[in-house]
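Quick note: the coordinates plus some simple rules give every number you see, no bench work behind them. Keep in mind it's a predicted model, so treat the numbers as computed, not measured. Please note: Cβ atoms are built from the backbone with ideal geometry, for glycine as well, and neighbour counts cover all protein chains shown.
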């Protein structure tokens, strides 16, 4: 069985989209794949409840309990590795990962970013796109590398920036596309691993 481990920090809407796609698409039968665990760095992350309700293992590795990013990443990797993941998916996981962590999961670590990378890496992407006068925004699924939001692009979705858009209205439209392209990118990865 190809195990997928999803990392979240909050509501986990992208995680939920992936879990629902796995259920609807019968990934376990078709691909020999399952979402094996959802792990958060925050004990109050609402996405943990969603996962528990579906019988998915959950865990919390609180970043505040560790003296450094390196110590946190080592503990997080130890927890992830308990599930022998074929793929680790960052779904609203709001931590910058150390190069050692990224190297440990090289080739099997995906993230989604709310811009058309390479444009607007980092934070405040929607407002930055509006301020720059862009006509389009979007979302990018990419492989994670040691450089922030700079890994190879796996899939993108384009969303028009409409007159009167603010960061919140644009973010909402981009998020609907994230929920489409992220499960598709995960499924494509798993199909290659069959």
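Here are a few things to note about the model shown:
- Residues 162, 116 arranged by fewest to most Cβ contacts within 10 Å: 162, 116
- In degrees, nearest ten, helix 167-193 long axis to first principal axis of the chain (Cα): 40 degrees
- Take the Cβ atoms of residue 124 and residue 68, set R0 to 25 Å, and the FRET efficiency comes out at 0.45.
- Each of 9, 40, 115, 68 was scored by other Cβ atoms within 10 Å of its Cβ. Arranged with the fewest first, they read 68, 9, 115, 40.
- Secondary structure note: in region 2-193, about 35% of the DSSP beta bridges are antiparallel.
- Region 39-92: C-alpha gyration tensor shape, a/c 1.5 cut-off, then a/b vs b/c: oblate
- Prolate/oblate/rounded label for region 2-193 (Cα gyration tensor, a/c 1.5): prolate
- Kirkwood Rh (inverse of mean 1/r, distinct Cα pairs), region 1-100, angstrom: 13.6 Å
- Angle between the chain longest axis and helix 69-81 axis [Cα atoms, degrees, rounded to 10]: 60 degrees
- In the chain, helices alone account for a calculated mean residue ellipticity at 222 nm of -12000 deg cm²/dmol, with every DSSP H run of four or more residues adding -39,500 (n - 2.57).
- Computed on region 2-193, with alpha-carbon pairs under 8 angstrom and 6+ residues apart, the relative contact order is 21 percent.
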